[in-house]
Amino acid sequence: MKSKGQRVKEKDRRSKNASVTAAKGRGAEARGGRHELRHPPARNAGPKGKAAVPPVAKPVPERARRPAAQEAAPARPVKLRHGDKPAETVPLILETAATVGYHLIDSGNGEKLEQYGPYRIVRPEAQALWPKSVPAVVWDEANAIFTGDTDEDGMGRWRFPGEVLGETWPMQLLDTDFLGRFTSFRHVGVFPEQLAHWSWMRDQVASAGRPLKVLNLFGYTGVASLIAAKAGAEVTHVDASRKAIGWARENQAVARAERLPIRWICDDAMKFIQREERRGSRYDIILTDPPKFGRGPNGEVWQLFDHLPAMLDTCREILSDEARGLVLTAYSIRASFYSIHELMRETMRGRGGRVESGELIIREGGLDGASPGRALSTSLFSRWVPK
């Protein structure tokens, strides 16, 4: 099944026009002193040899992507669980505030203004219903502004009010170096609201007194995997997108973490965990961040509401006896966190512990990152912990 990495990059990979041109040549046109990126710069056109933004073109129609015979997800019955349900904590709001390397400056009128390392970036944000609080000139002079389809997976382009930027730039979160990345689907290679989960995971690994085994499903560009490995975990990173796996390996090199114990696996997540169940493999922490809809590398179909129960059930089977947690995050779905909360409690019946569920939010920090403002909700989550 396809992860976030494949979901937001899939259309780029199937672009009809794979050619690229220099951004300051025919690839960018000046409009009132602003450069608008229509065709991204060539691979060697970014500053200091950085890669360029992938080309933007119309996606291949869904029916043309995979042979119909392959479009079937593996069947896996959900086991009937017995015993008491775990204790519960609801609602739990996990907040990402301003930190080194990132903060949310402002939001409003369907947009958000964020600080990613050295750059200020504007992107669409449907849940920002309120007025903006920072002067318009600050928004207008951001380093990069995403324009185009406002749908979560909609294609668009980046406009650079000042200097045209390359595809990547250096980032650091939780003392881990990686590359931010402009994509034609608005994403930038990292989801900062996940810092709440990553900080929790890092603390669990650091306090365990033994190397924990961490499974990162739908692992995208590998930031969580690198944070876990740097803390002392043995990590298995699974993503169905070859491009995302390539980016994750690139981030590993940037983080100078080539010798850390990370397995990078390009595979359908459901097929992988079912094989692990048959092998008797066990993990101490499992992170899973499935898309609403996706396809695996061989055309496997993933539908969140159809396949999530079986996925969680399989994850329970591969948790170790001394497991520290099972974390589920869900984006862009029309559901209450109570839906995944009750699913998680049923999945973990008889295992004891506690299920904590609610929302991940990012707190505005103002221009200086030190002026707490409104909370922007980003996703739902549910987390089982042993106590």
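Summary table below
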{"quantity": "Cα-based shape type of the range 193-243, given that a ≥ b ≥ c are square roots of the gyration tensor eigenvalues and the cut on a/c is 1.5", "calculated": "oblate"}
{"quantity": "Rg/Rh ratio calculated on Cα atoms of the range 236-308 (Kirkwood radius)", "calculated": "0.99"}
{"quantity": "Net charge over other residues, Cβ less than 12 angstrom from the Cβ of ASP177 (K, R count +1; D, E count -1)", "calculated": "0"}
{"quantity": "Above-threshold pairs, the threshold being 30 Å between Cα atoms, out of LYS243/LYS387; LYS85/LYS213; LYS213/LYS387; LYS230/LYS387; LYS85/LYS292; LYS79/LYS213", "calculated": "LYS243/LYS387"}
{"quantity": "Karplus-derived 3J(HN,Hα), 6.51/-1.76/1.60, for each residue of the range 348-363, Hz, glycine and proline x", "calculated": "9, 3, x, 9, x, x, 9, 10, 10, 9, x, 10, 8, 10, 10, 8"}
{"quantity": "Pair SER332, ALA370: separation of 7 Å Cα→Cβ label points (nm)", "calculated": "3.8 nm"}
{"quantity": "Anisotropy class of the range 233-387 from Cα gyration tensor, a/c 1.5 cut", "calculated": "rounded"}
{"quantity": "By average C-beta atoms within 10 angstrom, highest first, the peptides 214-226, 76-88", "calculated": "214-226, 76-88"}
{"quantity": "Between the range 300-322 and the range 192-206, the alpha-carbon center distance in angstrom", "calculated": "21 Å"}
{"quantity": "Built amide H within the under 5 Å cut-off of SER320, gap 5+", "calculated": "TYR283, ASP284"}
{"quantity": "Bins of 5 Å from zero: percent of alpha-carbon pairs in the range 186-278", "calculated": "3, 15, 24, 24, 21, 11, 2, 0"}
{"quantity": "Global geometry of the range 85-209, whether rounded, prolate or oblate, following the gyration tensor of its Cα atoms and the 1.5 cut on a/c", "calculated": "prolate"}
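A short reminder: the numbers here are calculations on the coordinates, not readings from a lab. Please read all numbers here as calculations on a predicted model, not as lab measurements. Cβ coordinates were reconstructed from backbone atoms using ideal geometry, including for glycine residues, and neighbour counts include every protein chain displayed.
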